[in-house]
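Notes follow once the structure below has been shown.
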Amino acid sequence: MNSIDDFFLPAAMADEVSIFPIINMDGNPDISQVELPTDLPLLALRNAILFPHTLIPITVGREKSVKVIRDVFETTKLLGAVTQLDPDLDDPKSKDLFRYGCLAKILKIIEMPDGGLTAILHGYTRIEILQVVSEQPYFKAKVRYIKDKLTDSDSDMAAITGAIKDSALQILRLSPNMPQEAAFAIKNLEGVEFLINFIASNVEMEQLDEKLALLAEGNLKERGLKLLSLLNQQIEILKLKDDIRQKVRKEIDQQQREYYLNNQLKTIQDELGLTGTGQELEELRKRAKSKNWPKEVKETFEKDMTKLERTNPHAPDYSIQLNYLQYLIDLPWNDVTKDKLNLKRVRKVLNEDHYGLEQVKERILEYISVLKLKGDMKSPIVCLYGPPGVGKTSLGRSIARALGRNLGRISLGGLHDEAEIRGHRKTYIGAMPGRIIQTIKKCKSSNPLIILDEIDKVGNDFRGDPASALLEVLDPEQNVSFHDNYLDLDYDLSKVLFITTANNIGTIHSALRDRMELIPISGYLAIEKQHIAQDYLLPKQMEAHGLQPEQLKLSKQNIQLIINEYTRESGVRMLDKQLAKIARNTAKKIAFGEHYNITPNEQELRKILGLPLHKPDNLEGNDVPGVVTGLAWTENGGEVLFVESSLSQGKGVLTSTGNLGDVMKESAVIAQQYLKAHAKIINQEPAEMAKWDVHIHVPEGAIPKDGPSAGIAIVCAMASSFMQKPVRKKVAMTGEMTLRGKILPVGGIKEKILAAKRAGIKNIVLSAENQRDVEEVKPEYVKGLHFTYVKNIKEVLEFVLLGG
């Protein structure tokens, strides 16, 4: 008798102890001539199945199992080995036993030191339990002995057994812990019945039910086919395990190699004093693992990181590469903040921070509404343009606060270098990204609100054209893949909400202007400035200077005085400065313990603010001929412009003074030539007009003036001088005149209307084509004003001179 340890299975458990299959080389015993008992003691096996013609040693420890072994060994030595269905039961009942088992003979008993027994069982033939007659002191049952069926006609059994042998040998080859003797033993197995039972006894199966089904199968051919199917399943599982094992081994080998090389590298670095460098790189890798970035960025980082690890830290390129990788990690990439899409809250925040500006607020609310309904959309590029101090930049801050977005600001005033936008190539010493990428890094999110301030003041020179570089940034169709020269990677700017500001959109690059949504922010009326000062500016300055609400109060008359005499602007920046001056003075008096008036009067205000800086825009000189009130637009808003004309004997020479630009001088030439050609309109003779020199002057000569909108005012001033008749009182005008006398529309209508209202003007003469501009102005701005719309200069002259 020979034994093979651990064949197919690792040590299986039977009655809590290992079972070791043993090959019986003595042949198959013939029990057909032996009288077998009809009542047979039963031994319950756990996790083990005894097949006919196989030998297994088992160790038993349960009291019932020990007793049946001892009693049977002293008598017939025959018992039924039956597997219990639930291996976890310590005291199985008759219903817990499998219906089929195997007649076994106890060949030997070995006493164990712990009181248990080890018995060697030899399987003879299959049995079927007909009835359990007793459960105490151990199981006894009436059984039927079953002989395996194998007919002579089963000629394909040789092929089946051959396939079973081949499969078993293949399993041995795929099982790394199997001894080579096992393959030798299988090759020399003889007998169909013994071969099938032996292989079935030892094959590893996931479910105990599969092996019990083999024992229950009475037809040997069917049992062999089922066994072959199970062996093939086992082969597939072992192949999969072997593939996994090979992959794991390769990975382990690679890891061991890397570990070995890294240890060597660490030792070399320690010797060279470069340990801190390694820690720095390790920290970069650690941060990169948790980074949320696009796949191509990750690949670039890994490639450059590998290159950096092989670079000598003292090499010039090392710091450049290290800074680049740190910048890649510091950028937010796919990190975004969640927008606050509560429309009522957004409206409340915008109203808290700014008075008026309804058009801008409505546009922002429209954008947020679409974003709330759709969930995602390309951010609009908004350009807020208007005079200084009207709240363009601060409005951008309010929008960021309302949306809950991080805020970034880039001042473009005086920008000349294209690299300020696109960045420098990282190969240069001191290279860095452009301002767009720098701002996104500071904002720590990929969907901030970025204010591009003073976009109308971008310059260009030999270093490039920044305005052209901004075309990609401010184009929703292109900025999804904005390319920064330093990163050398595409960055998605489509989630960024860009808000640009400008004073004069005429100086913005035409292609750039076309990409933006232009929203005008015009100046404020005096009444609006009062509200802004009382509700926004004064509380802000008091908080900034540590004043309590009860320590300083300004009446409406006080604020009106400051607006009229100490500011001249469309916005409120100068007004804010004057209020800050008053707050500082009050804080100083409180700090010194001086007595002061909480509500200062006019005299006290003048003492704090000094002499008036401006006089109100009042009409003047309309009682004499040759003086006309015009309206002009400047970067500071609307202005009242006085055009003066005088005659002197001469040869019809035209002189213009007042720091006039070329366009305005041309308007004067056109005005003179028109009046000469149409002298009859003003009741003059052309020959007589040629004897007089004409002098046109616009006061405040230190201020440059230009533009065509003073055309009709110059004509009226000349006509008034030739006719020696004053123009209609409280009338102002603006419009361009052609050589044929046609009146063309001009811009800045709202600002000009505000300037006229400040000056107390009641009538405004405009081109008929400007009527649509007036209709867009709020009713409160035009209240108390009368508009006269004209198509040609004859209508103008008729209204201001000839009509009365």
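Annotations
- Leading residue at positive end of dipole, the chain (Cβ point charges), from Q684, I696, Y491: Q684
- The charge dipole of the chain, taken about its Cα centre with unit charges on the Cβ atoms of Lys, Arg (+1), Asp and Glu (-1) only, comes to about 3860 debye.
- Computed lengthening from A544 to R606, 0.36 nm per intervening residue step minus Cα-Cα distance: 20.1 nm
- Where chymotrypsin sites (Phe, Trp or Tyr not before Pro) fall in DSSP loop in segment 717-804, at most 14 other Cβ within 10 Å: none
- Taking packing as the residue-averaged number of other Cβ atoms within 10 angstrom, the listed peptides 590-603, 479-492, 88-101 run from highest to lowest as 479-492, 88-101, 590-603.
- Hydrodynamic estimate: the Kirkwood radius of segment 561-613 over Cα pairs, inserted into Stokes-Einstein at 10 °C and 1.306 mPa s, corresponds to D of 135 µm²/s.
- Set K581/K757; K680/K730; K95/K140 screened for pairs whose C-alpha atoms are more than 20 Å apart: K581/K757; K680/K730
- Semi-axes of the equivalent ellipsoid for segment 641-681, computed as √(5λ) from the eigenvalues of its C-alpha gyration tensor and ordered from largest down, come to 19, 13, 10 Å.
- With R₀ fixed at 51 Å, the C-beta to C-beta distance from K457 to K372 puts the FRET efficiency at about 0.90.
- Only the Cβ atoms of Lys and Arg (+1) and of Asp and Glu (-1) were treated as charged; on that basis the dipole of segment 672-786 about its Cα centre amounts to roughly 420 debye.
- Annotation for D166 and I252: the two label points, set 7 Å from Cα along the Cα-Cβ direction, are 3.3 nm apart.
- Computed from label points 7 Å out along Cα-Cβ, the spacing between K444 and L654 is 6.4 nm.
- Rule-of-thumb Rg ratio for the chain [Cα; 2.2 N^0.38 Å; N residues]: 1.83
- Placing dummy labels 7 Å off each Cα toward the beta-carbon, the span from K742 to S319 is 6.8 nm.
- Selection of GluC sites (Glu not before Pro), segment 435-495, meeting DSSP coil and at most 10 other Cβ within 10 Å: E477
- Signed unit charges on C-beta, dipole axis of the chain, positive-most listed residue N659, A104, A759: A759
- Of the trypsin sites (Lys or Arg not before Pro) in segment 453-551, the ones in a loop by DSSP (not H, G, I, E or B) with at most 13 other beta carbons within 10 Å are R463.
- Stokes-Einstein translational diffusion, segment 437-504 - Kirkwood Rh over all Cα pairs, 0.890 mPa s, 25 °C, in µm²/s: 189 µm²/s
- Folded to 0 to 90 degrees: helix 711-723 orientation relative to the chain principal axis, Cα: 10 degrees
- Proximal aspartates and glutamates to K676, defined as alpha-carbon separation beneath 15 angstrom and excluding residues fewer than eight positions away on the same chain: E685, E688, D693
- Given their separation in residues at 0.36 nm each and the Cα-Cα distance between them, S468 and K581 gain 36.4 nm when the chain is fully extended.
- Percentage, to the nearest whole number, of Cα pairs in segment 516-605 over 23 Å apart: 25 percent
- With a cut-off of 15 Å on the backbone N, the residues of segment 702-716 near the modelled label site 7 Å out from H614 along Cα-Cβ are 703.
- Accessible-area composition of the chain, carbon plus sulfur, in percent [1.4 Å probe]: 50 percent
- Annotation: Cα Rg of segment 407-477 relative to the compact-globule expectation 2.2 N^0.38 Å equals 1.10.
- Accessible surface, per residue, of the chain when the full set of protein chains is kept, probe 1.4 Å, Å²: 50 Å²
- Qualifying aspartates and glutamates (Cα of each under 20 Å from Cα of K348; at least 8 residues distant if same chain): D339, E358, E362, E366, E528, D535
The values are calculated or read from the model by the stated rules, or taken from the named source; none is laboratory data. Here the structure is a predicted model, which is why all the values come from computation and not from measurement. For neighbour counting, all protein chains shown are included, and Cβ atoms are generated from backbone atoms with ideal geometry for every residue, glycine included. The area values use the complete protein model at the heavy-atom level, side chains included, leaving out ligands, DNA and RNA. Shrake-Rupley method; radii C 1.70, N 1.55, O 1.52, S 1.80 Å.
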